[in-house]
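**Student:** Before we start, here is the structure in question, set down as structure tokens.
The values are calculated or read from the model by the stated rules, or taken from the named source; none is laboratory data. Computed from a predicted structure; not experimentally measured. A quick note on method: Cβ atoms are made from the backbone with ideal geometry, for glycine too, and the neighbour counts reach across all protein chains shown. Side chains are part of the model used for accessible areas, which takes the heavy atoms of the whole protein and leaves out ligands, DNA and RNA. Shrake-Rupley method; radii C 1.70, N 1.55, O 1.52, S 1.80 Å.
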Amino acid sequence: MHVNPWFILITIGGFIFPLMRVLGLLKDLDERELIIDQISGNFTLFFIVFSAMFCIILNLELKGDALLLFILAPLIIKSTIFISLTYPKDLIISYLGRITGSLLILFALLSHGFSTEGLIESIPGIIILILSEFSKRFRFLGIIFFILFLLLFYFFFRNGVKLGLLITFIILSAPLISLGVISLKGEE
Amino acid sequence: MKNRIREYRIKNGDITQEELAKRVGVSRQTIIYIENGKFNPSVKLALKLAKALNCKVEDLFELEEGD
């Protein structure tokens with residue numbers, strides 16, 4: 001049985017912090033963070049329920065990679081919501097922007113190597129990295145994250161909805177929307 | 001709910017939000033949210049804050065009209 005290593009990496013990433021807290025290796029969440037943890041969990045639950053309903057109504061048969069939708073997407077959504085509500089603005093932008101941008105670049109380079117194709121496919125990741133750093137200072141740049149989200153939507157679904165692309169879309173769109181909203185938000 | 005945490009931080013030798021957060025065992029962001037009235041602490045946390053700032057809970061927090 002072959003398991004995609006990225007799948008393992010992201011799953012571990014999603015559970016490593018809660019596990020470290022249970023083992024006492026990391027400080028527990030304070031009361032505000034616990035409430036946010038609950039809120040982000042509820043949103044994620046709604047997402048899973050609506051996704052399942054969507055699949056049932058459309059009579060979609062989920063196989064292989066499509067089943068990853070119900071594992072990766074909730075992990076990404078919960079983490080994104082939790083980070084967005086817990087940390088200060090600059091730290092959120094740094095975490096989300098650097099992780100999203102770096103992952104995109106990594107995927108591009110791993111898929112195509114250091115070729116022209118790889119470098120071209122790295123461009124969105126590079127844009128997100130640069131934009132994230134500048135949006136900490138210039139709020140209006142947050143609009144560009146929404147534009148990137150719309151472009152992503154167009155390119156992913158212009159030929160119809162494919163489950164494999166839907167997974168990638170959800171994984172990328174959650175951080176993009178959060179980055180847009182956080183960037184445009186005023187200082188606390 | 002109104003609070004005077006910032007005022008009492010200054011009275012107690014200008015303690016920083018970070019320092020106060022460490023003393024009561026929460027994150028600095030939580031102290032910021034409490035000071036800005038965006039988060040109401042539990043009774044336990046309110047008591048810890050009062051103890052850390054050498055005052056009574058009633059000195060730190062006050063109900064507003066409509067609360």
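**Student:** Report yes if some residue within the range B:44-63 is of a type in the set (Gly, Ala, Ser) and over 15 Å from A:Arg32 (Cα atoms); otherwise report no.
**Tutor:** yes
**Student:** Restricting to the range A:45-79, give me the number of residues that are of a type in the set (Ser, Thr, Tyr) and either assigned to a loop (DSSP other than H, G, I, E, B) or touching a Leu at 6+ places or on another chain (Cβ under 7 Å) (or both).
**Tutor:** Of the residues in that region, 1 qualify.
**Student:** Restricting the first residue to the range B:25-42 and requiring it to be more than 7 Å from every other protein chain (Cβ to nearest Cβ), which pairs with a second residue that is assigned to a helix (DSSP H, G or I) and among the acidic types (Asp, Glu) meet a Cβ separation below 7 Å and a spacing of at least six or different chains?
**Tutor:** Close Cβ pairs (under 7 Å, with a partner that is assigned to a helix (DSSP H, G or I) and among the acidic types (Asp, Glu)) amount to B:Arg28/B:Glu18.
**Student:** If you don't mind, there's one more thing I want to ask. Within the range A:43-73, take every residue that is surrounded by 12 or more Cβ atoms within 10 Å (Cβ to Cβ) and among the polar types (S, T, N, Q) and give me the one that is farthest from A:Val161 (Cα to Cα).
**Tutor:** Applying the filter and picking the extreme gives A:Thr44.
**Student:** Continuing with this model, one more query. Out of all the residues in the range A:120-152, which are of a type in the set (Phe, Trp, Tyr) and open to solvent by 50 Å² or more (accessible area, probe 1.4 Å)?
**Tutor:** Residues satisfying the conditions are A:Phe134, A:Phe138, A:Phe140, A:Phe146.
**Student:** Within the range B:13-23, can one find any residue that is buried (at least 16 other Cβ atoms within 10 Å of the Cβ), within 11 Å of another protein chain (Cβ to nearest Cβ) and hydrophobic (A, V, I, L, M, F, W, C)?
**Tutor:** The answer is yes, given that some residue of the range B:13-23 is buried (at least 16 other Cβ atoms within 10 Å of the Cβ), within 11 Å of another protein chain (Cβ to nearest Cβ) and hydrophobic (A, V, I, L, M, F, W, C).
**Student:** Let me ask you something else. Out of (1) away from every other protein chain (no Cβ under 14 Å); (2) among the basic types (Lys, Arg); (3) surrounded by fewer than 19 Cβ atoms within 10 Å (Cβ to Cβ), the odd one out for A:Lys78 is which?
**Tutor:** (3)
**Student:** Same structure again: What do you reckon, is A:Phe155 assigned to a helix (DSSP H, G or I) and either surrounded by fewer than 18 Cβ atoms within 10 Å (Cβ to Cβ) or more than 14 Å from chain B (Cβ to nearest Cβ) (or both)?
**Tutor:** Yes.
**Student:** Of the conditions (1) crowded, with 17+ Cβ neighbours inside 10 Å; (2) within 13 Å of another protein chain (Cβ to nearest Cβ), B:Leu53 fails just one. Which one is it?
**Tutor:** (2)
**Student:** Further question: Specify the residue that is modelled with the lowest pLDDT; the eligible residues are those in the range A:158-188 that are closer than 29 Å to A:Pro88 by Cβ and loosely packed, with under 13 Cβ neighbours inside 10 Å.
**Tutor:** By that ranking, first place goes to A:Glu188.
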